[in-house]
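Everything on this sheet refers to the single structure shown next.
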There are 2 protein chains.
Amino acid sequence: MKILITGGGGFLGSRLAKALLARGELGGRKISRLTLFDTAFPNGSPRDSRIEATTGDVAQINLSPDTEAVFHLAAVVSGAAEADFDLGMRANLDGTRRVLEQARRCARPPRLVFSSSVAAFGGKLPKVLDDSTVAAPQTSYGTQKVLGEYLIADYSRKGYVDGRSLRLPTVVVRAGRPNAAASSFASSILREPLNGEPCDCPVGPKTGVWLLSPRRVVEAFIHAHELPAASWGAGRVVNLPGITASVAEMLAALKRVAGAKTAARVRFKREARIEAIVKTWPARFKTPRALAMGFRADDSVEAVIRDYIADEGIKLA
Amino acid sequence: MKILITGGGGFLGSRLAKALLARGELGGRKISRLTLFDTAFPNGSPRDSRIEATTGDVAQINLSPDTEAVFHLAAVVSGAAEADFDLGMRANLDGTRRVLEQARRCARPPRLVFSSSVAAFGGKLPKVLDDSTVAAPQTSYGTQKVLGEYLIADYSRKGYVDGRSLRLPTVVVRAGRPNAAASSFASSILREPLNGEPCDCPVGPKTGVWLLSPRRVVEAFIHAHELPAASWGAGRVVNLPGITASVAEMLAALKRVAGAKTAARVRFKREARIEAIVKTWPARFKTPRALAMGFRADDSVEAVIRDYIADEGIKLA
């Protein structure tokens, strides 16, 4: 089968690609080609005969008509979409629409997994959100993700694609460097200290984060694809499970795993622009729908940190 | 002030235009120009020096930079958007986006009232919907209306427009001829008998309709415009009040107002295509938000019928 990952050069896309290549199959069918599409591949792409890496603008992407599976992860992140409205609309709305229109023209309606976000929620929220909470995004990024969800639901209803949208918690710990996402701090406060670097935390210690590790996210993408359409019912969106942790709790877990000296590398240097975005995101959810469908959260922040250390081959001092 | 009505040649748009011309002002400011934009003006446009009637494709509309008020009513209706997906996407999504992009380029952010629809709701619904019910449209028309709402909310948050979206109940009684809306029957079963014509009703007598008269809808458009931004809060969408009536109750009201002979002109001839769309629409709501904001419903189906008879100058036999 032929698979496309948009955003295939990014952090989650490249990890998903590796996981798919390692499995060799998806939904019981052998993977013959894995196309990675992105604006750039700063870290290269896997050396594998099944891989095809293509650069371009997602709003102009062309799908091979025999594409059977799409993981649509390409996006301009929250901070960047807020700073440049037109850029966000082009990548996140026009891009998603282009992917859907191309998928509609495939030989058979592809199964499509879309990475939406907890940024779908905002405004006046209950203390604990659940599967009936109305999406009311307070950022352009969140709005564009919700628009994508509704488009995918209607394209699925029409039979043009078989779509599944996952509202991702904040992904922690992201490897690499900080990015323009307003949530970038949630990884930085763990990653930089583990790399022996100082880190300025732009939000206060009580700030809550609803988080999921890269391992669980990649599992969720694959699980979402493999679930039969009947498991989704009329609703094509699911809030993924996660765990709630405050910045203070994350730093305490870091201290337990890596020691006081490492945790002490984080200092608070609050930034109003970041806090203004992050405070609109919810931190507590009940996710019975996702759990019933077989999605799962991490066991603890400590487990998340240990997985990161193992995945990145970090040696603790 | 300069006002634009998209869909200004349509049933609601032309009535709104007449109401605005008769008032002469909006929000306490004198109306100097009223631009009506539509694909066609089959019934002409009001003869008034303030009127400018323009034909075109809403997805290519240009707004005069001194436009201060927009009523965005132009849409491809539900049945037509379901039959021709691309046509619906162009008019209802691209059209709304074009209006917003043009509004963003005005000298000052215009106040914009958008006619959304009860078709935003569908799927598994509570018996009585309320202001916290999640939009889950089961038609492309409904999806496109929800996309418009989210776009308007974000353009408003960014300060590009001052937008207000009204989810209209089914408008009863529409004058004129049946149209391609799946809800067309709700007016036909009252209008055709009053005009001395037979009518085939495509849905069963128990079918419930959440309805609002053209008089109340036009009032709601103007009221929505005149409310200060603070009345809307972060949410830019409101479910308008209405009344619930079954087809049988509507025919009973018709009989009381216009006699048994008139009501007997309706026969049931069920159509699966129409029933499949209409059954996804909810019929019962609680609308505390709208009522608190000063929107109001009709008193009864009989009052709706009497208003129609008065507005159209119909003489009962």
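Evaluated against (1) among the aliphatic types (A, V, I, L, M); (2) in contact with a Phe, Trp or Tyr (Cβ under 7 Å, 6 or more places away or on another chain); (3) surrounded by fewer than 20 Cβ atoms within 10 Å (Cβ to Cβ), B:A40 falls short on exactly one condition, (2). Taken over segment B:210-249, the residue count meeting the criterion of being modelled with pLDDT of 95 or more and either closer than 13 Å to B:V304 by Cβ or in a loop (DSSP other than H, G, I, E, B) (or both) is 18. Of the candidates A:R47, A:R108, the single residue that is touching a strand residue (DSSP E or B) at 6+ places or on another chain (Cβ under 9 Å), over 22 Å from B:D94 (Cβ atoms) and more than 12 Å from every other protein chain (Cβ to nearest Cβ) is A:R108. If you go through segment B:253-300 and pick out every residue that is more than 30 Å from B:L166 (Cα to Cα) and not aliphatic (A, V, I, L, M), you end up with 10.
The single condition among (1) more than 14 Å from every other protein chain (Cβ to nearest Cβ); (2) free of Cβ contacts under 8 Å to residues at least 24 places away in the same chain; (3) assigned to a loop (DSSP other than H, G, I, E, B); (4) among the small types (G, A, S) that B:A252 does not satisfy is (3). Within segment A:126-138, the set of residues being over 17 Å from B:T133 (Cα atoms) and at the interface with chain B (Cβ under 8 Å from one of its Cβ atoms) comprises just one member, A:Q138.
Taking the stated definitions as given, is A:D200 part of a strand (DSSP E or B) and more than 30 Å from A:R105 (Cα to Cα)? For A:D200, the condition - part of a strand (DSSP E or B) and more than 30 Å from A:R105 (Cα to Cα) - is met. Just name the residue that is surrounded by the fewest Cβ atoms within 10 Å (Cβ to Cβ) out of those in segment A:119-144 that are of a type in the set (A, V, I, L, M, F, W, C) and in a loop (DSSP other than H, G, I, E, B). It comes out as A:V128. Within segment A:276-309, the set of residues being within 20 Å of A:L227 (Cβ to Cβ), of a type in the set (A, V, I, L, M) and either in a loop (DSSP other than H, G, I, E, B) or touching a Leu at 6+ places or on another chain (Cβ under 6 Å) (or both) comprises A:A290, A:A297.
So which of B:L147, B:L166, B:L151, B:L190 is away from chain A (no Cβ under 13 Å), touching a Leu at 6+ places or on another chain (Cβ under 7 Å) and either more than 28 Å from B:R90 (Cα to Cα) or not in a strand (DSSP E or B) (or both)?
Values: B:L147 fails: away from chain A (no Cβ under 13 Å); B:L166 fails: either more than 28 Å from B:R90 (Cα to Cα) or not in a strand (DSSP E or B) (or both); B:L151 fails: away from chain A (no Cβ under 13 Å).
Going through B:L147, B:L166, B:L151, B:L190 in turn, just one is away from chain A (no Cβ under 13 Å), touching a Leu at 6+ places or on another chain (Cβ under 7 Å) and either more than 28 Å from B:R90 (Cα to Cα) or not in a strand (DSSP E or B) (or both): B:L190.
For segment B:194-201, the count of residues that are surrounded by 17 or more Cβ atoms within 10 Å (Cβ to Cβ) and at pLDDT below 95 is zero. Highlighted here are the strands (runs of 3 or more DSSP E) found entirely within segment B:1-118 that include at least 3 residues which are under 19 Å from the mean Cα position of the chain (by Cα): B:2-6, B:33-38, B:67-72, B:111-117.
Residue by residue, here is whether (1) farther than 27 Å from A:F114 by Cβ; (2) of a type in the set (A, V, I, L, M); (3) in contact with a Phe, Trp or Tyr (Cβ under 9 Å, 6 or more places away or on another chain); (4) buried (at least 17 other Cβ atoms within 10 Å of the Cβ) holds:
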site	(1), (2), (3), (4)
A:P205	yes, no, yes, no
A:F221	no, no, yes, yes
A:A245	no, yes, yes, yes
A:K269	yes, no, no, no
A:V278	no, yes, yes, yes
A:K286	no, no, no, no
A:I314	yes, yes, yes, no
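The values are calculated or read from the model by the stated rules, or taken from the named source; none is laboratory data. Predicted model, so just to flag it, every value in this text is computed and none were measured. With ideal geometry, Cβ positions are generated from the backbone for all residues, glycine too; neighbour counts draw on all protein chains shown.
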